[in-house]
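Structure first, commentary second.
The values are calculated or read from the model by the stated rules, or taken from the named source; none is laboratory data. Bear in mind that the values here come from a model prediction, so they are computed numbers and not experimental data. Cβ atoms come from the backbone with ideal geometry, glycine included; neighbour counts cover every protein chain shown.
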Amino acid sequence: MSRAEPLVVVDRLTKHFPITRGILIQRQVGAVQAVDQVSFTIARGETLGLVGESGCGKTTVGRTALALYPATSGRVVIDGQDVHTARGRDLLAIRRKAQMIFQDPYASLNPRWTVNAIISEPLRVHRLCANDRERTERVKDLMQMVGLSPRLINRFPHEFSGGQRQRIGIARALASEPLFIVCDEPISALDVSIQAQVVNLLEELQGRLGLTYLFIAHDLSMVRHICTRVAVMYLGVLVELAERNELYENPLHPYTQSLLSAVPIPDPKAARQRRRIILQGDVPSPINPPAGCRFHTRCPIALDLCSQERPAWRDMGGEHWVACHRA
Amino acid sequence: MSHSSEAAIALPQLKADELEAPPLSLRQLTWRRFRRHKMAIVGIVVIALLFLYSFGGALLVSEQYANYTDTAARLQPPSAAHPFGTDTVGRDILARTIYGGQISLLIGLTAMLVELLIGVLIGALAGYYGRWLDALLMRFTEAVFVIPQIFLLIVMAKFFSGKMPNITLLGRTLSGSVVVVILIIGATSWMYLARIVRAEFISIKEREFILAARAIGTPARQIILGHILPNCMAPIIVSATLSVAAAILSESYISFLGMGVQAPTATWGNMLDGAMNYIEEAPWYWFFPGLLIVLTVLSINFVGDGLRDALDPRSRAV
Amino acid sequence: MDDNLLLQVEDLHTRFHTPEGTVYAVNGISYRLHEGETLAVVGESGCGKSVSMMSILGLLPVPPAEIAGGRALYRGQDLLKMSESELERIRGKEIAMIFQDPMTSLNPVLTIGKQITESLHKHLGMNPTQATERAIELLDWVGIPDARRRLGDYPHQFSGGMRQRVMIAMQLACTPSILIADEPTTALDVTIQAQIVELVVRLRQQVGMAMIWITHDLGVVAGLADRVMVMYAGFVVEEAGVDDLYEDPRHPYTIALLAALPRVDRRRDRRLKSIPGAPPSLLVEPRGCPFAPRCEFAIERCFIDNPSLQPVAPRHRIACWVEIKTGGQR
């Protein structure tokens, strides 16, 4: 791999959602600490997986990275530009280069728009085509690229299946010829056999168009399959980040170990033999996260230190990063 | 089981990979559902007839005739020459209801448009931008809510009386008070719509396809007009329809109180006003305009009901 | 062997009559469940796995549903012919069911304590004191900490995983012979899912009940089931012991499904094999094998005749015309 500048740099990104009370004047009484001091980079052509369970903040990271939410603190730089300080034309340029694919194929398409309108929206917003005819041709090209028949260009979303709608969403994300795509749980809502179709499509497009992905998911098996590196989040913080085989074969953080041991394996013999680390209790609330290491309340190997001091994010060698006092 | 163990069952997904012919479009489905409302269909027919009556009837009866006074023929009951009778100065009531109808219906429609414009604008801005703009606009809305329509009318009437010039519209010369009445009704009834639109905007704004539009870089104006507004047409259409009826009713009692459209321009409402002193002696004087008001308002309400059911996406009937 | 046969379903057909037409949801499925056995019913959305269970318990609204044929013998008695009151006595007491979303079975305006004690009173005739004590025992048993205090809590005060535990507690209160679990962990995080599966395995050992576990997740099945039944478009396409199914799948759909799954414990070696196309529309009366349009082994006969389940190995049946190892007809 070249030592060129990474395409995406996320530097101590923090996002808190304020909780307000008040009738006429809103006072802030607390905050949902959804994302706290998250840092990672993504090289060109790479797929970085971001995994964690519900409430860990991975979706918030994705959306804040694209400046869909303002950041509370920290920086996100995409292709050399800081996304949160960009305005006007600069922001529009970033939006062209960085796109998003959403989880819910039913909610992410405007039900009153035709497929043509949906896919061509980026073309219109960024003025990429000279006239209607050119635009329509481009939409048809995109539809073919994602495996949809161009005949269906004037249909409405409700006439398609979930997998097909997801393809429409992908075509829309590709329309502006982006460099970077945040895939926010793109296959979670799809049937197993369709998941494979969509994942294969994403890989093929990456090869053809030189795309870079941030792949947000909770399905650890799928993440192992398509990502080059994987980051694990828990309650708003990154706990581990490593090259994929290194993470799956040599997890250092107790949460990662437990998470991996909980993933079902479609193999009865392997399932019988595996040693499971079952965590007790539920995930604490991000409004009032535990002090020190956020995982210490459920950690099987926690020490006193863990409830007092937040562990540092360290490279344990070979770009294997962990935030744990015991690692 | 203490609570029914019947789970909500989603009917199996029914999508084929490629469809030979598109299934019913939203518009077709809506029309189908509307058709099932018999009263709504009746309503449409009656409204159509009323429009025909007021605007088509004008082709048969001239305005001069409607304004032609003949004191010798005052307060005559319905007859062959005057099927609806005559009023206090001998004008033919039938003809006056025709021309009066034009004004009443015109007021209904244009007041609705004024209301629509203000209500949607305020509701959309408040709902989309939220925070201080929302607070400001909603306090303003509540303030206007509190002002009684009548009060405003009296003030307006005093202010404008004698000062409004006549206007020419559709080949007719009308008292300027028509415009005043339209503006007042419009300006005092937009609040309901604003609230509805605001609520719709707040809920639709959180949907993922809006986030997708923002991610694409679509500017706010296009999001509001192109994405959100088309998705809340249903409550807007229903509200607009019903507000036509409300406007016509408002005009009726405004005019009945003498604050509305001034003579000699007739409306159904001010005809009722004129009939006030002759309730028993000349029942035909108030009966026919009253009947027309009732028919109009009722049928618009039926149509509004039908539209509400037809446009409700949760209705599973086809 | 058949002395401990609990449930025998034969040739079950279920249809829905909708404005768009008739939905052929279940098209002739048959299976057996023995005491203490765990049967997994696997398939993607729309394959009829949930509908078939709802049918035999009388949980489908008739109309628009119609049980168009078949028998469901529970301990020799046909559930499909029972009246609603007879079914009510069986549901909850002998055959229990838990769902994906516990909120559909839990009344949001009653406390958990009230709901459990009501059920205990109704099915086991306990008085309030007995019922309360038993309720606390049950919540403890399923691993809810601080059970006595939590009796007074409402469903929304529990997390997703906790709600599932409560539902399990309620359903197992009467020690049923069969527990039917319809995608109970699909909406849960993977670590919570592991907790629930571990709980169910422990309870199963203690209570000795038979289980039918409905899911689309072939990973969960591998760790839980004794036998597996694979469904597609309302038909059963393969049925085998769990080891057999994963080591030696014989039906093209099962093979394709397994090949489409990534593994968390293996390095990536190839692309996932995706199945082209999509499941058939259930609005069309099925003719021939439902998987034929997407099957790489399909021959002409597959499009005309519907194959029935035939044994290919001891306790291993498939519904297929083609012997995929040789390519010839079966």
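Taking A:PRO178 and the conditions (1) at pLDDT 95 or above; (2) in a loop (DSSP other than H, G, I, E, B); (3) of a type outside the set (Asp, Glu); (4) under 22 Å from B:ASN231 (Cβ atoms), which numbered condition does it fall short on, given that it satisfies the others? Answer for A:PRO178: the failing condition is (4).
Candidates are the residues of region A:168-190 that are charged (D, E, K, R) and buried (at least 24 other Cβ atoms within 10 Å of the Cβ); the one that is farthest from A:ASP132 (Cα to Cα) is A:ASP184.
Quick grid of which residues meet (1) buried (at least 22 other Cβ atoms within 10 Å of the Cβ); (2) more than 14 Å from chain A (Cβ to nearest Cβ):
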position	(1), (2)
C:ASP3	no, yes
C:LEU7	yes, yes
C:LEU12	yes, yes
C:VAL23	yes, yes
C:ILE29	yes, yes
C:GLU37	no, yes
C:CYS47	yes, no
C:ILE56	yes, yes
C:PRO61	no, yes
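Only residues that are in contact with an Asp or Glu (Cβ under 8 Å, 6 or more places away or on another chain) and buried (at least 22 other Cβ atoms within 10 Å of the Cβ) were counted in region C:192-226, giving 6.
A search for C-beta distances below 9 Å between a residue of region B:224-239 that is more than 17 Å from B:ARG27 (Cβ to Cβ) and any residue that is of a type in the set (Ser, Thr, Tyr) and assigned to a helix (DSSP H, G or I), counting only pairs 6+ apart in sequence or on different chains, returns B:ILE224/B:TYR128; B:ILE228/B:TYR128; B:SER239/B:TYR192.
Listed here are the residues, each with its yes/no results for (1) modelled with pLDDT of 90 or more; (2) under 12 Å from C:GLY223 (Cα atoms); (3) within 21 Å of the chain's Cα centre (by Cα); (4) not in a helix (DSSP H, G or I).
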site	(1), (2), (3), (4)
A:PRO251	yes, no, yes, yes
A:GLN280	no, no, no, yes
A:PRO284	no, no, no, yes
A:THR297	yes, no, no, yes
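Scanning region C:18-29 for any residue that is out of contact with any helix residue (DSSP H, G or I) (no Cβ under 9 Å at 6 or more places or on another chain), at pLDDT 90 or above, under 28 Å from C:ASN4 (Cα atoms) and of a type outside the set (A, V, I, L, M, F, W, C) turns up at least one such residue. Tell me, yes or no, whether region B:226-234 has at least one residue that is surrounded by fewer than 21 Cβ atoms within 10 Å (Cβ to Cβ) and small (Gly, Ala, Ser). For region B:226-234, residues surrounded by fewer than 21 Cβ atoms within 10 Å (Cβ to Cβ) and small (Gly, Ala, Ser): present.
Within region C:102-117, how many residues turn out to be modelled with pLDDT under 90 and farther than 18 Å from C:VAL142 by Cβ? Final tally of qualifying residues: 3. Here region A:236-247 is the region considered, the condition is being crowded, with 22+ Cβ neighbours inside 10 Å and within 14 Å of chain C (Cβ to nearest Cβ), and the residue that is farthest from A:PRO286 (Cα to Cα) is A:LEU247.
Every condition in (1) modelled with pLDDT of 95 or more; (2) on the phi > 0 side of the Ramachandran plot holds for A:VAL232 except the one numbered (2). Among the residues of region A:110-117, at least one is within 14 Å of chain B (Cβ to nearest Cβ), in a loop (DSSP other than H, G, I, E, B) and buried (at least 19 other Cβ atoms within 10 Å of the Cβ). Pairs meeting the criteria (first residue in region A:205-216 and over 13 Å from A:ALA173 (Cα atoms), second residue surrounded by fewer than 17 Cβ atoms within 10 Å (Cβ to Cβ), beta carbons under 8 Å, at least 6 apart or on different chains) are A:GLY210/A:GLY45. Among residues of region B:208-222 being over 33 Å from the mean Cα position of the chain (by Cα) and not in a helix (DSSP H, G or I), the one that is nearest to the other protein chains (Cβ to nearest Cβ) is B:GLY217. A count restricted to region C:109-140 and to residues that are more than 9 Å from chain B (Cβ to nearest Cβ) and in contact with a His (Cβ under 8 Å, 6 or more places away or on another chain) stands at 3. Here is the figure for region C:201-253: residues that are within 23 Å of C:VAL264 (Cα to Cα) and β-branched (Val, Ile, Thr) total 8.
Considering region A:135-172 alone, what residues qualify as being touching a helix residue (DSSP H, G or I) at 6+ places or on another chain (Cβ under 9 Å), more than 10 Å from every other protein chain (Cβ to nearest Cβ) and of a type in the set (Asp, Glu)? Selection gives A:ASP141 alone.
Here C:ALA96 fulfils each of the conditions (1) surrounded by fewer than 18 Cβ atoms within 10 Å (Cβ to Cβ); (2) touching a Cys at 6+ places or on another chain (Cβ under 9 Å) apart from (1).
For first residues located in region C:127-139 and outside any helix (DSSP H, G or I), partners that are surrounded by 14 or more Cβ atoms within 10 Å (Cβ to Cβ) and lie 6+ apart or on another chain with Cβ distances below 7 Å do not occur.
Residue by residue, here is whether (1) more than 30 Å from A:PRO290 (Cβ to Cβ); (2) more than 11 Å from chain C (Cβ to nearest Cβ) holds:
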residue	(1), (2)
A:LEU174	yes, yes
A:GLU177	yes, yes
A:GLU185	no, yes
A:VAL198	yes, no
A:LEU214	no, yes
A:THR228	yes, no
A:TYR234	no, no
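For region B:249-263, the criterion of being of a type in the set (D, E, K, R), farther than 30 Å from A:ASN110 by Cα and modelled with pLDDT of 85 or more is met by at least one residue.
Looking across region A:55-79, the residues that are touching a Leu at 6+ places or on another chain (Cβ under 9 Å) and part of a loop (DSSP other than H, G, I, E, B) come down to A:GLY55, A:CYS56, A:GLY57, A:ALA67, A:LEU68, A:ALA71, A:THR72, A:ASP79. For region A:25-44, filtered to residues that are of a type in the set (D, E, K, R) and part of a strand (DSSP E or B), the residue that is farthest from B:ASP134 (Cα to Cα) is A:ASP36. Scan region C:254-286 for residues that are more than 9 Å from chain A (Cβ to nearest Cβ) and either at pLDDT 90 or above or within 21 Å of C:MET229 (Cα to Cα) (or both) and the total you get is 5. Of everything in region A:259-280 that's more than 7 Å from chain C (Cβ to nearest Cβ) and under 21 Å from A:VAL51 (Cα atoms), which residue is surrounded by the most Cβ atoms within 10 Å (Cβ to Cβ)? Checking each candidate, the answer is A:SER261. Taken together, the criteria exclude A:ARG63 from residues that are touching a residue at least 24 places away in the same chain (Cβ under 8 Å), among the basic types (Lys, Arg), surrounded by fewer than 16 Cβ atoms within 10 Å (Cβ to Cβ) and under 25 Å from A:ALA242 (Cβ atoms).
Taking region C:233-263 as the range and being part of a loop (DSSP other than H, G, I, E, B) and crowded, with 24+ Cβ neighbours inside 10 Å as the test, the residues that pass are C:ALA233, C:GLY234, C:HIS251. Per the listing C:LEU6, C:LEU57, C:LEU39, C:LEU79, the residue uniquely more than 30 Å from A:SER193 (Cβ to Cβ), in contact (Cβ under 8 Å) with a residue 40 or more places away in the chain and of a type in the set (A, V, I, L, M, F, W, C) is C:LEU6.
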